[in-house]
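Inspection log for the structure reproduced underneath, given as C-alpha cells.
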Amino acid sequence: MAAHPFARIVRFTSMAYAPALVWTSVGAKPRSATMKWAGIVVGTVIAGYVAVLLGNSRHFYTDDTEAQYAPMWQLLGAELRAGRFPAMVPWEWMAGNYSLEEAGLYNPAQLLVYVLAPSFDNIALYATLVKLVFSIIAALGVYRICLAYGARAHWAAVAGVAFPFSGWFLFFDTASWFTSMTGTAWLVHAWASAVLYARGRSGPIPLFVFLYLALTIQYAFPAVESGLMIAAVLVGEYLYQRRVEVVARVGGVALLAVCASMIANLPILLSSQATWRGDVSTVHNDPFLTVGWSESLNASLPSTLPAFTAWWGHVQPLPMVYVAWFVIPALAFIDWRAAVKQCREWSGIAIFGAAALMWTAGPGAIGPLRWPARVLPMVAIALLVLVCVLISRFGTFAPSRRRYWAVATLLGLLFVRSASAAPDRLEWHLVAVAFVAGLGAAAVWLARTRGTIAAAALTIAATLPIAFAQVVSAPPTPLSYQFPERRSEMKAAFPEFPGRTLQLADRVAIPADQRTLSGAYGSIAVGSYAKNMGLQYVNGYTPVGHAAFAGLLCMDWAGGTCPEAYQRAFAHAKTTDTPIVDLMRLDRVVLQRSLFPDAGHHPAPMGWRFVDYPGHEQQIWVLERVLPLPVRDDLIAHESGVHATVMSDAGLTNRAVVSSGTGGRVVLSRLAWPGYRATLGGDEIPVRMVADTFVAFDIPPGTHNAELVVTWRPPGLAASIVSGLLALVGLAAMQWLYRAGRRESVPVAPVAEQVLAAT
C-alpha cells in the first residue's frame, strides 16, 4: 500500500534532521513511559532535597517558616484534634482570626498538614517533609503542563525536575514562604488540567479541583496568578482552536471554582477595612523587589547574583532569578521556523510568560500585591515549559556552525549580564560559563549519538550538584530567626506560663549571639514561637493585622512592640475606667529587659507585682496579678450600669443574662473583628466598639434578666456556602455535558500527534 504523500514529506524531513526533529504528544507515548518518567521526577526531587540539606540542614526551616507557618501548624493541629474548627482562636489577639490569615482552613491538603503536625517533635524535620511533598506536587504539575502541550515525557521530566530548584522558588518560596509554594504547586496542575480540558482530553473536575486548591490557600498571589494563567490559556486555546465554546467551557469551570472558593476569600474582602491591608485600591511603584527585565539574561548561569533592591542592598547574595542551566542555551537548538508555524498551539505559554515577566518589573504594589519579584516562579515555569515543549517537538541537534555561534552569543550575554550585576564574582561567573558550556556540549553530543533520552537524563542529573553548590555558597540561612528545632527542647527551657500572656518585646533588640535556647529563646517568644509550646500568648506573627489593636500597643507583624507599649497597656481605655490589660483579661505581662532595662526597679502598676522566674532573670521581667481574676473564663471585661451573669469564654457563641434599670454598656474581652452579631432577648442589637478594639454592646434601660447571645462567624459565611453549593451543581452539569459530548467528538491532538497518526 502506497504511503500517504504527506507521510513521505515527514520521512524526508526526519531524515534531513536525523534525530534532531522530535515529535510527541500525550497520546503518542505509552502510559508506562509517562509513569516511568513521572517516577524519575519524584526520585530526582527527593535526591535534590538531600543535596540541598547536605549544603544547609536548615534550608527548609527558616524565616517565615520558623516564625509563622510551622508554629501555626502546631496550634491549628491541636485545635482540630480537640474537635474545634479554628476559624477564630480568640485568645490569640494579634493573629488569631484564621479566616483571614494565610491558613487555608478550607483547603483539605492544608488541614492534613495541621492534623499531622502535633505528632512531630522535630519541627524542622516536619517542615522539610511537608515541603518535599509539595515540591514533588509542583514538579509533577510542571511535568503535566509539558505533556499537555505535546512534549515527550523525558523532556517534560527535565522541566518538572528543574522547577523546584529554580532560584526564587528554592530560596524563598520553598525555604520560607510556604503559602506561595503550595499555591504554585496547585496552580501548575490547574494549568495542565485547563489545557487538557480545552482539548477534550480530560473532564472539568480536575481543573475545578486544582483551581479550588490554589484559590483556597488564602494568599493573594496564587489567586491572581491563577487568574492570569486561566486568561492565558483561554486566549491561547482560542488562537489554536478558533472555537468560542472552548473558551466558554474552560472559563465556566474557572468561574465555578471561584464561586466555590468564596468561603475562603470572601471573609478577607469583607474584613479588609479592619486590617493593615484595608486599602485594596492602592497602586504605587518603588524599587524594592522590583526586577528589571534584563535580569532574565541571568536565568541560566548558576553563579548569578542579580542586581535589584532588596534586603541586602542592590546586589543580592542569592541566585533569585536563576531558572535552569540549560534554559537559555537551549534556544539555539530549536527549529524556530517550524516552531513559529505552529505557534498558535503553544501561544498560551508565551502569553503567560510575557505577562509574568512584565509584572516582575512593577508596579511595586497593587493593593495587597507587593514585591513583584514574588512572580519570578511564574516566569521560571513559563520558560521551562516553553523551552522543553519546543526542544521536544522542534529540537535539532545536527552539527551547525550557526547554532554554535548562537550558543556562544547567548553564553556571552549570560556572562556579561551576570558580571555587570555582581562584578566582584567575576571568576565564579567564568567558571559557571565553562560549566554550562561543557554540560551543553555533552548534552548535544548525547542527543546526537545516544538519543534525546540520554541528553535529558544528563540535563536532569546536573540539577543536583548545581542546587548543592548554590545552597552551600549562599549566606548561612538568610533571614533566619535561628529558632530551635525541637518542641520538647523549647518547652524544657521556657517558663511555664499558665493563662494568657502579653509580651512587650522587640526581636530587633535581641543580639545575634543571644538567639539560642540558653539565651533569649529560653524566655522570649518571637513571632508565633509560643504556639510551638502550647502557650496562650496574645502576640503572634501576622501578615494581616488588626489595625486598631496594633496601633493601641504599637505591635508589629512579628508581635514586637515599642517601649511606649508598657504605659499604654496599663492605661485606661477610652470611655471606660478599666486598664487595657484588664479589658484583655490578661494573667501576665512579660517585659523584655533590653527594651525595658529599669522596669523592675520601679513599683509595679496597681494590682500587679513583679515575679521572679529563676534562670530567666537576664532576659525578662514578669508582671503577674496580685489577685487572680475572680472568674478566669468570664468573657465580660467591663460593665457600666449593667448587672450580668458570667459569660463563659468558650467557643464562638457566648451567652449571659443581663439586667439594667437605667441602661448601660457591656464590654467583652474580644477583639472587634467584623463578623460579630448579638441578640438581646431574641432581638438583634448593634455591635459597638471601645477604642476601635474591644467588642461592646449597649443595654437599653428597663432590661430585666434578658439573655444576651453573642456570636462570631466569618463574614459572608452564608453567602459563601450558597455560592459553593451552586458551584457544585454547576460542576455536575459541566461533567454531564462533557460525558455526553465525548461520545460525539474527537479530542484535539497537537499538530505533532496528527502528523504521527498520518504516518
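Below, the figures for the structure above:
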{"item": "Some residue of segment 274-287 being of a type in the set (Phe, Trp, Tyr), modelled with pLDDT of 95 or more and in the same structural domain as HIS429 (by TED's automatic domain parsing)", "result": "no"}
{"item": "Scan of segment 479-526 for residues that are crowded, with 20+ Cβ neighbours inside 10 Å, among the hydroxyl-bearing types (Ser, Thr, Tyr) and not in a helix (DSSP H, G or I), ordered by number", "result": "SER480, TYR481, THR501, SER523"}
{"item": "Pairs where the first residue, in segment 254-270, is free of Cβ contacts under 8 Å to residues at least 12 places away in the same chain and the second is among the polar types (S, T, N, Q), C-beta under 6 Å, 6+ apart", "result": "none"}
{"item": "GLY641, sole failed condition from (1) surrounded by 14 or more Cβ atoms within 10 Å (Cβ to Cβ); (2) without any contact (Cβ under 8 Å) to a residue 40 or more places away in the chain", "result": "(2)"}
{"item": "Selection within segment 27-56 - assigned to a loop (DSSP other than H, G, I, E, B) and either on the phi > 0 side of the Ramachandran plot or out of contact with any Lys or Arg (no Cβ under 8 Å at 6 or more places or on another chain) (or both)", "result": "ALA28, PRO30, ASN56"}
{"item": "Test: SER271 is under 20 Å from the mean Cα position of the chain (by Cα) and crowded, with 19+ Cβ neighbours inside 10 Å", "result": "no"}
{"item": "Test result for THR309, of a type in the set (Val, Ile, Thr) and surrounded by 21 or more Cβ atoms within 10 Å (Cβ to Cβ)", "result": "no"}
{"item": "Residue that is nearest to PRO605 (Cα to Cα) [pool: residues in segment 619-638 that are over 38 Å from the mean Cα position of the chain (by Cα) and outside any strand (DSSP E or B)]", "result": "VAL626"}
{"item": "Members of segment 420-460 that are hydrophobic (A, V, I, L, M, F, W, C) and free of Cβ contacts under 8 Å to residues at least 24 places away in the same chain", "result": "LEU426, LEU430, ALA434, ALA441, ALA442, TRP445, LEU446, ALA454, LEU458"}
{"item": "Filter result for TRP673 (more than 17 Å from THR578 (Cβ to Cβ), in contact with a helix residue (DSSP H, G or I) (Cβ under 8 Å, 6 or more places away or on another chain) and assigned by TED's automatic domain parsing to the domain that holds THR575)", "result": "no"}
{"item": "Among the residues listed as ASP683, ASP692, the single one being acidic (Asp, Glu) and over 32 Å from the mean Cα position of the chain (by Cα)", "result": "ASP683"}
{"item": "Residue check, VAL385 in the same structural domain as ALA190 (by TED's automatic domain parsing) and farther than 17 Å from ALA138 by Cβ", "result": "no"}
{"item": "Elements of type helices (runs of 4 or more DSSP H) contained in segment 57-170, each with 2 or more residues being in contact with a Cys (Cβ under 7 Å, 6 or more places away or on another chain) and at pLDDT 95 or above", "result": "153-162"}
{"item": "Long-range neighbours under 9 Å by Cβ, at least six apart or interchain, first residue free of Cβ contacts under 8 Å to residues at least 40 places away in the same chain within segment 218-245, second surrounded by 21 or more Cβ atoms within 10 Å (Cβ to Cβ) and of a type in the set (Asp, Glu)", "result": "ARG243/GLU237"}
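The values are calculated or read from the model by the stated rules, or taken from the named source; none is laboratory data. What you see is a predicted model, and the numbers here were worked out from it, not measured in a lab. Cβ coordinates were reconstructed from backbone atoms using ideal geometry, including for glycine residues, and neighbour counts include every protein chain displayed.
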